[in-house]
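Worksheet: one structure, shown below.
The values are calculated or read from the model by the stated rules, or taken from the named source; none is laboratory data. This structure is a prediction, so every number in the text was calculated from the model and none was measured. Neighbour counts run over all protein chains shown; Cβ positions are idealised from the backbone, glycine included.
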Amino acid sequence: MKEKQMKRSIITVLGKDSVGIIAKVCTYLASNNINILDINQTITAGYFNMMMIVESEEITKTFPDMASELAQIGDEIGVRIQAQHEDIFEMMHRI
């Protein structure tokens, strides 16, 4: 059974800066009805770092499929893209 709803998720993008990173990620999200709630990105010494909080109630694919497709996009553009459910992200980063 396909997962019809996605709770909030955290997407991180890390790697050497290049043209089009944000465009590629945002194009994928928009084409899958995934809404960006918050976005923060920095470039330090040529390295790109972005964190996004996203959600979607309209997504038609499973979370693992979405995470895998984002990771594949990262491989294609030379960065690491990781998607995690918000609750898992919070548990991993609890002090």
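Residues of segment 69-95 that are farther than 14 Å from S9 by Cα and at pLDDT 90 or above: E69, A71, Q72, I73, G74, D75, E76, I77, G78, V79, R80.
Pick from segment 23-76 the residues that are in contact with a strand residue (DSSP E or B) (Cβ under 8 Å, 6 or more places away or on another chain) and in a loop (DSSP other than H, G, I, E, B): which of them is surrounded by the fewest Cβ atoms within 10 Å (Cβ to Cβ)?
Taking segment 23-76 first, the residues in contact with a strand residue (DSSP E or B) (Cβ under 8 Å, 6 or more places away or on another chain) are 25-26, 29, 32-43, 46-57, 59, 63, 66-67, 70-71, 73-74.
This time we only want the ones that are in a loop (DSSP other than H, G, I, E, B), so: 32-34, 46, 57, 59.
On the way: N32: 18, N33: 12, I34: 22, G46: 8, E57: 11, I59: 21.
Checking each candidate, the answer is G46.
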